[in-house]
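Novice: Below is the structure I would like to discuss, written out as structure tokens.
Quick note: the coordinates plus some simple rules give every number you see, no bench work behind them. The shown structure was predicted, so the numbers you read here are calculated from the model rather than taken from an experiment.
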Amino acid sequence: MHRRATWALLLVASLAACGDAPRSTGGASPDGAPPSGPGRALLSLDDVEAEPVENREETVAMAFDAEAAAELVERVPPDLDFRASVLVCVFLGPRHTTGWSLDLSTVSLSGDVLSIRARESVPRRATRPKVTYPADCALLTRAALPTRELTVRADDTVTGEFIADAVIDVPPLGSTP
């Protein structure tokens with residue numbers, strides 16, 4: 001390691017020990033999430049125990065209240081707090097065999113684009129013909145989302161290929177759409 005880099009790391013480590021380390025550079029974390037600090041929450045995906053409904057369209061959808069969530073999942077978890085969380089679901093649309101799946105991995109925000117990285121798994125061997133509708137849902141921290149119209153885009157983590165997108169109007173915190 002270069003001497004300057006070593007000194008810089010030591011300085012950051014010393015500041016961290018004192019509680020004065022910089023929170024982020026360039027106003028965003030390395031994954032593009034809004035900076036943390038007073039009044040700002042980190043943008044991350046959390047698992048949710050909910051089975052997505054069969055959606056015949058390739059899309060991304062968000063629910064800011066229980067009524068909207070009921071259109072996205074088979075059963076809305078009773079302990080889901082929509083003041084703190086937003087339900088986000090990515091739907092792949094129809095697949096003509098069994099064995100497809102989707103797993104939401106990470107999320108980042110850059111300007112007016114919310115990017116979701118997801119892993120679309122294809123069947124490894126011959127599967128039986130049957131139309132299926134792979135999807136996955138997760139929770140986002142509500143306070144981390146800006147109040148404005150966002151383009152939400154899901155891309156594959158391995159191939160980088162486009163999966164689905166939508167334009168979503170994020171209502172003010174504490175209101176319902």
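Novice: Relative contact order, percent, of segment 31-169 when contacts are C-alpha pairs under 8 Å separated by at least 6 residues?
Specialist: 30
Novice: Shifting gears a bit: Quick one: compute a quarter of the convex hull surface over the Cα atoms of segment 83-177 and quote it in nm².
Specialist: 6.6
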